[in-house]
Amino acid sequence: MDESTRRRFSRVLYDALNQQGYSAGRIKYRSETFSRSFKHILSKSPINGHIKCIFAGSFGEGISKLYSSDVDVMDVNSDIICVDERSDAHGPYSLVLQNEYTHTFPGYVRLRTDRPVRNHQRGLFSQRCIHTGNHYLSSLITMQALQQWDPSDVINGPARTNTGDVFNIHMDIVLALPFVSLNVLEKWMGRERHHEWPPRALRRKISTMLGYVVPVGHKFSQNKDIEWRISYTTAEKKLVRSMNDVQVKMYVVLKFVQRDRLKPICQNFTSYMVKNLVFWVLEITPMRDLTPETLVDRTLTAFGHLKQFLENKFLPCYMIPERNLFDGRMNERDCVSLLREVDKIIDEGYGFLLKHHRLSLSMQLTFSYPDIARGYEQWLVEIEDIVIMLFFNEALTDLVEKVITGQIDFVEGILQLLVNIEGGQAFIALLIRLSQLLGLDIGSILKNLANIEQSALELPSLIFNRLTDALS
């Protein structure tokens, strides 16, 4: 493929990703509005006043659409602080913990407390170290206590996975504590960089931001029960927000390939690893080399870097480069299997894109029928906007509050919504329009008024299934 053809091919991919809803502007809008809508819903639930919810992962960044991935939420205990020196703590904190890094793997920390902690309401418990006699906050006991709150939740590392609610949304919920360490951020800020990303102003901003610790120790550590993993979730969101259109689209394509070709080979190769790969590639790439016409070239370059990381069996965390993201997650056999697939992708060249069915169809549509492609883009945007407006709907929010607090069950709530003309009119109008866009005949579903309870349960299920197909 000559250079001119490659540039045209990249431009078609760029336009096809816009058609799929992956422009930088749409991603920013999705991140902001989804976060607002979920915070609005969660504000109606009986959450402790000191808990601050932060939406993380691809959903929080706006990269993933609703119903195309799980929702990652960090529940942050905002009146607790973890610091290198207790004298660094300022403010009315109920608990100040001191960071200890000795005998821990990079990216992990022990949290020392001057007194035993038995906070059943927060799920926080300490345990005494037999070697030092000091008390440390226990990640193991904390996770065991959190699971008892809802035994149906599935534990995955530091996350409790809620396996679905009345809206059929799966949520990974992680307890987190604010973490301050100038050493980590000063080292990140002072690292030599030769190109324009991330911008200097953004680096200064990130160097002042809070980190967080989550309750999981390093898999191979003798002290893993009292270790917590360091996370810079909000800093990473800032970095993603700073990406331009081409950078974002490279990230999206890599996530598509991770989900469809790499994760089936190794379940532990995560989207978080892909995000860190993207950060490293962007840092070493001049902005002049990031254009719509070079999008595929840059994506293939990223696979070349991934190949090197797999060969070395070391993918450095972007915020804490000493931490190997493969460590404790992927063994040598996993790296060899992934390396074999990455070599195939590199050998396929531009053809690797044609193996992603939906993306290939979008490119064909964009190239051959641009007017139809624009109509499809508008269809997707309207669906997504209606979903967002449904979450903002006051009648629906009131229903959520009543269901969460056990005042009514879901079927009873839907019935109240259907008959409450004043409160439910806007909700029902949006629901009808969404059903039309998804090709559902809402009239035939609800016409059997004698069996309205079954209809009230059937309609959401049908809509959620169609949304998953449309937005994934």
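All conditions but one from (1) within 20 Å of His135 (Cβ to Cβ); (2) buried (at least 22 other Cβ atoms within 10 Å of the Cβ); (3) of a type outside the set (S, T, N, Q) apply to Tyr251; the one that does not is (1).
Being part of a helix (DSSP H, G or I) and of a type outside the set (S, T, N, Q) is true of Phe303. Scanning region 171-209 for residues that are part of a loop (DSSP other than H, G, I, E, B) and either in contact with a Ser or Thr (Cβ under 9 Å, 6 or more places away or on another chain) or surrounded by fewer than 17 Cβ atoms within 10 Å (Cβ to Cβ) (or both) yields Arg191, Glu192, Arg193, His194, His195, Glu196, Trp197, Pro198, Pro199, Ser207, Thr208, Met209.
Could you grab the pairs with beta carbons closer than 7 Å, sequence gap of 6+ or different chains, first residue in region 428-439 and within 14 Å of Ile388 (Cα to Cα), second one open to solvent by 60 Å² or more (accessible area, probe 1.4 Å)? Listed by first residue and then by second, the contacts come to Leu430/Met389. Out of Ser271, Ser242, which single residue is open to solvent by 10 Å² or more (accessible area, probe 1.4 Å), in contact (Cβ under 8 Å) with a residue 24 or more places away in the chain, under 17 Å from Ser64 (Cβ atoms) and within 18 Å of the chain's Cα centre (by Cα)? Of Ser271, Ser242, the one residue that is open to solvent by 10 Å² or more (accessible area, probe 1.4 Å), in contact (Cβ under 8 Å) with a residue 24 or more places away in the chain, under 17 Å from Ser64 (Cβ atoms) and within 18 Å of the chain's Cα centre (by Cα) is Ser271.
Can you tell me which condition Lys344 does not meet? The list is (1) open to solvent by less than 40 Å² (accessible area, probe 1.4 Å); (2) modelled with pLDDT of 90 or more; (3) in a helix (DSSP H, G or I), and all the others hold. Unmet condition: (1). Do we find that Glu322 is open to solvent by 40 Å² or more (accessible area, probe 1.4 Å) and either part of a loop (DSSP other than H, G, I, E, B) or touching a Gly at 6+ places or on another chain (Cβ under 9 Å) (or both) in this structure? Taking the combined requirement at face value, the residue satisfies it. Figure legend. Inter-residue proximity from region 292-320: first residues over 24 Å from Cys266 (Cα atoms), second residues surrounded by fewer than 19 Cβ atoms within 10 Å (Cβ to Cβ) and basic (Lys, Arg), beta-carbon distance below 6 Å, spacing 6+ or different chains. Indicated pairs: Pro292/Arg11; Glu293/Arg7; Glu293/Arg11.
Within region 63-107, the set of residues being out of contact with any Leu (no Cβ under 7 Å at 6 or more places or on another chain), on the phi > 0 side of the Ramachandran plot and at pLDDT below 80 comprises just one member, Gly91.
Consider Val336 carefully, then state whether it is among the β-branched types (Val, Ile, Thr), open to solvent by 20 Å² or more (accessible area, probe 1.4 Å) and modelled with pLDDT under 80. Explain how you work it out, then say what you get.
On the way: among the β-branched types (Val, Ile, Thr): yes; open to solvent by 20 Å² or more (accessible area, probe 1.4 Å): yes; modelled with pLDDT under 80: no.
Against the criterion (among the β-branched types (Val, Ile, Thr), open to solvent by 20 Å² or more (accessible area, probe 1.4 Å) and modelled with pLDDT under 80), Val336 does not qualify.
Here is the figure for region 241-257: residues that are more than 17 Å from Thr270 (Cα to Cα) and part of a helix (DSSP H, G or I) total 6.
Restricting attention to region 46-55, does a residue exist that is in contact with a strand residue (DSSP E or B) (Cβ under 6 Å, 6 or more places away or on another chain), surrounded by fewer than 20 Cβ atoms within 10 Å (Cβ to Cβ), basic (Lys, Arg) and modelled with pLDDT of 75 or more? Yes.
Scanning region 428-446 for residues that are at pLDDT 75 or above, surrounded by 14 or more Cβ atoms within 10 Å (Cβ to Cβ) and over 22 Å from Tyr376 (Cβ atoms) yields a count of 0. If the condition is being out of contact with any His (no Cβ under 9 Å at 6 or more places or on another chain) and modelled with pLDDT of 75 or more, then region 108-122 contributes Val109, Leu111, Arg118, Asn119. Residues that are touching an Asp or Glu at 6+ places or on another chain (Cβ under 7 Å) and among the hydroxyl-bearing types (Ser, Thr, Tyr) do not occur anywhere in region 233-245.
Counting only strands (runs of 3 or more DSSP E) that fall entirely inside region 82-134 and contain at least 1 residues that are open to solvent by 80 Å² or more (accessible area, probe 1.4 Å) and over 13 Å from Leu177 (Cβ atoms), the qualifying elements are 124-128.
Residues in region 210-236 that are open to solvent by 40 Å² or more (accessible area, probe 1.4 Å) and either out of contact with any strand residue (DSSP E or B) (no Cβ under 6 Å at 6 or more places or on another chain) or not basic (Lys, Arg) (or both): Leu210, Lys219, Phe220, Gln222, Lys224, Asp225.
The values are calculated or read from the model by the stated rules, or taken from the named source; none is laboratory data. Note that the structure is predicted; figures quoted are calculated from it, not measured. Neighbour counts are summed over all protein chains in view; Cβ atoms, including those assigned to glycine, are modelled from backbone coordinates with ideal geometry. Please note that ligands, DNA and RNA were not included when accessible areas were found on the heavy atoms of the full protein model with its side chains. Shrake-Rupley method; radii C 1.70, N 1.55, O 1.52, S 1.80 Å.
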